[in-house]
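Here's the structure we're looking at; comments come further down.
The values are calculated or read from the model by the stated rules, or taken from the named source; none is laboratory data. Only a predicted model underlies this, so the values are computations on that prediction, with no experimental measurement involved. Backbone-built Cβ (ideal geometry, glycine too); neighbour counts: all protein chains shown. Keep in mind that these areas ignore ligands, DNA and RNA; they rest on the heavy atoms of the full protein, side chains included. Shrake-Rupley method; radii C 1.70, N 1.55, O 1.52, S 1.80 Å.
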Amino acid sequence: MSGDRRDRPALREPRWARWAIFVGGIGFLVVFVVLPLATVAVEALRKGFDVYRHSLSDPDTVSAIHMTLAVAAIAVPLNCVFGVAAAWAFGKFDFRGKTILVSLIDLPFSVSPVIAGMVFLLMFGLQGWFGSWLRDHHIKIVFALPGLVLATIFVTLPFVARELIPLMQEQGTDEEEAARMLGAGGFRIFWSITLPNIKWALLYGVLLCNARAMGEFGAVSVVSGHIRGLTNTLPLQVDILYNEYNMVGAFATASLLAGLALITLAAKSFLEWRYADQLALTRR
Amino acid sequence: MTIEVRNVSKSFGAYHALKNVSLTVEDGELMALLGPSGSGKTTLLRIIAGLDQPDSGEVLIHGQDLSKQAVRDRRVGFVFQHYSLFKNMSVFENVAFGLRVRPRHQRPSDVEIKRRVDELLGLVQLDPFASRYPAQLSGGQRQRVALARALAIEPKVLLLDEPFGALDARVRKELRRWMRKLHKEINVTSVFVTHDQEEALELADRIAIMNAGQIEQVATPSEAYDRPATQFVSEFLGFANRLACQVENGVARVGGFALPVELENYAGDAVAYIRPHEIGLARANGHDIAKATIDSIVALGPSARVDLAFGDDRLEALIDRERLAELGLSVGDDCAITITRAHVFKSA
């Protein structure tokens, strides 16, 4: 942008309009983002810090924290690999049925998470298609970690792929072709050309995917079975505590989830700040 | 190293990009593939490079069929139209890439790589820019990085796709001269694609003129201009006036003039192409073979373009402005014209 805005009469709005837009924007943010977050913090600390700490060290809550971290630790890397692979296929190659596959990736966005949970219940539950086979082989999927992971993967499937596909399509295959002409093999091309070009989009995708994986409620709720201390994740634990009128416990646990989100956001901002020069250089 | 293209065809769906094309590029030659967009020139270049596979036919480089070789053994240098530099690497790393990706036993040492890259950056006059990133370079500089990168693998042949297409006119002219000099120095068999005839005429040892998936003529620049092999070449290379004419007994009757032509066994309708400088002007004196009226005169440096109404046809003549002043001709005058040469083709 060159020149001061005030030099350009076409962009000069009346004072009241500028104020109205400013107040409207900030007000919206306050009501819908800042206020709820503040409520979480206030409610969690209503009965003092000791009670807060106590409710977080409750064994069931600790178990829910472990569960949530475990599910994210498995689901996010898997979706990261899948997202990169899918974007690579869709962005760099042309084949029959491509458009149908690309829209299939969006399915988890358009389907209610509850349905996703039901599907896994129907497939792997005791009464489900593979139920008896799984029981005979002592494999537990539903009401156990594998079920939670499956449901989470399904729900968070589009995040990484959606972030990468348009970028990879736009970048085309020029640099890859150049690398190939210089004698680089497929793995080398991916590692030193393709990956560096998508690393920022990949990071955003992973962060979004992670946030959703930790916060997912609907699908997980169906396959979890709500077994306290065993298959509850943080969002489920919040729900249970709330329904038991344990307000401090519920909000304390909720503050953990909100904290995770804020840490994610901070990490992203830090990386952007730290590598600002690199970002500016590689973006044409 | 010679390049031999033999009977290569390529289709994209129902579209025939190349129709049975054959071409030989001699050792050390700089060959231009010239043609309008959609004529198949880039497709041909990509097939020579091995980036695309032909539907039929083969490409031999130094007598060897490329399609049977791994890419890293082909050693074909390719400069892409938009350079395709690696955005995330410095200029130095861009040029070094081809050396770094070699298998371990063929890979030069770091010291050797540095020496080679520095040498190449010197060759393309970019030594001070080694640590810059592509986004920090001008178009002409990027172009030279792309060239240095392609040369780093010591290519047997060098292929360039519209090498100057994305540059402004002044830089283009400079780079063209520089490129000509560079080619003399390194003397590697090269093929470049262009739609700019001036570029082809100035740079190339020989030009392959392409149209609709076929090669119309392969000739030196002056040959192609003076003796166009087909109607398309006459029209595409420089401007030529087009007049309908009659051919009989090896003579074409063009606007009242009888010109010898090489169509010995043909009699009938034909088309004559006449370059603007091949039309002579004189004051009308009442006994002229052909007369025309001057529509307009446009001064172009030392020459003048004279637009003529010649019966129902329009002609463009190019004449020295001094000569025009001597003749004392101006807009609206009738004048006598002479046609000294024409390229005549049978009517399609």
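Couple of notes before you dig in:
- Any chance B:Gly77 is within 14 Å of chain A (Cβ to nearest Cβ), farther than 21 Å from A:Phe190 by Cβ and either polar (S, T, N, Q) or not in a helix (DSSP H, G or I) (or both): yes
- Remark: pairs (first residue in the range A:174-201, touching a residue at least 60 places away in the same chain (Cβ under 8 Å) and of a type in the set (D, E, K, R); second residue assigned to a helix (DSSP H, G or I) and surrounded by fewer than 16 Cβ atoms within 10 Å (Cβ to Cβ); Cβ separation under 7 Å; 6+ apart in sequence or on different chains) = A:Glu176/A:Lys92.
- Only residues that are modelled with pLDDT of 85 or more and loosely packed, with under 15 Cβ neighbours inside 10 Å were counted across the range B:166-177, and they come to 1.
- Qualifying residue in the range B:223-242 (condition: of a type in the set (Ser, Thr, Tyr), out of contact with any strand residue (DSSP E or B) (no Cβ under 6 Å at 6 or more places or on another chain), open to solvent by 40 Å² or more (accessible area, probe 1.4 Å) and closer than 30 Å to B:Ala336 by Cβ): yes
- Considering residues of the range A:261-280 that are of a type outside the set (A, V, I, L, M, F, W, C) and open to solvent by 60 Å² or more (accessible area, probe 1.4 Å) only, the residue nearest to A:Ala211 (Cα to Cα): A:Lys268
- The range A:187-209: number of residues that are within 11 Å of another protein chain (Cβ to nearest Cβ) and either modelled with pLDDT of 90 or more or farther than 18 Å from A:Asn79 by Cα (or both): 11
- Any hit, the range A:153-164, residues being open to solvent by 30 Å² or more (accessible area, probe 1.4 Å) and within 14 Å of chain B (Cβ to nearest Cβ): no
- Among the residues of the range B:256-293, those that are in contact with a Cys (Cβ under 9 Å, 6 or more places away or on another chain), of a type in the set (Gly, Ala, Ser) and open to solvent by less than 30 Å² (accessible area, probe 1.4 Å) comprise B:Ala270, B:Ala272, B:Ala292.
- Which numbered condition B:Gln125 misses (of (1) within 25 Å of B:Ser190 (Cα to Cα); (2) outside any helix (DSSP H, G or I); (3) at pLDDT 90 or above): (3)
- Of the numbered criteria (1) under 25 Å from A:Leu195 (Cβ atoms); (2) away from every other protein chain (no Cβ under 14 Å), the one B:His82 fails is (2).
- Residue in the range A:174-186 that is nearest to A:Ile105 (Cα to Cα), counting only those that are at the interface with chain B (Cβ under 10 Å from one of its Cβ atoms) and open to solvent by 50 Å² or more (accessible area, probe 1.4 Å): A:Asp174
- Pairs are defined by a Cβ separation below 8 Å, a sequence spacing of at least 6 or placement on different chains, a first member in the range B:150-163 that is under 15 Å from B:Arg102 (Cα atoms), and a second member that is modelled with pLDDT under 90 and among the β-branched types (Val, Ile, Thr); the pairs so defined are B:Leu151/B:Ile186.
- Residue list for the range A:224-260, restricted to those being in a helix (DSSP H, G or I), surrounded by fewer than 16 Cβ atoms within 10 Å (Cβ to Cβ) and touching a residue at least 24 places away in the same chain (Cβ under 8 Å): A:Met247
- Between B:Phe97, B:Phe129, the distinction of being free of Cβ contacts under 8 Å to residues at least 60 places away in the same chain and open to solvent by less than 30 Å² (accessible area, probe 1.4 Å) belongs to B:Phe97 only.
- Residue identified as outside any helix (DSSP H, G or I), modelled with pLDDT of 90 or more and within 14 Å of chain A (Cβ to nearest Cβ) among B:Pro54, B:Pro108: B:Pro108
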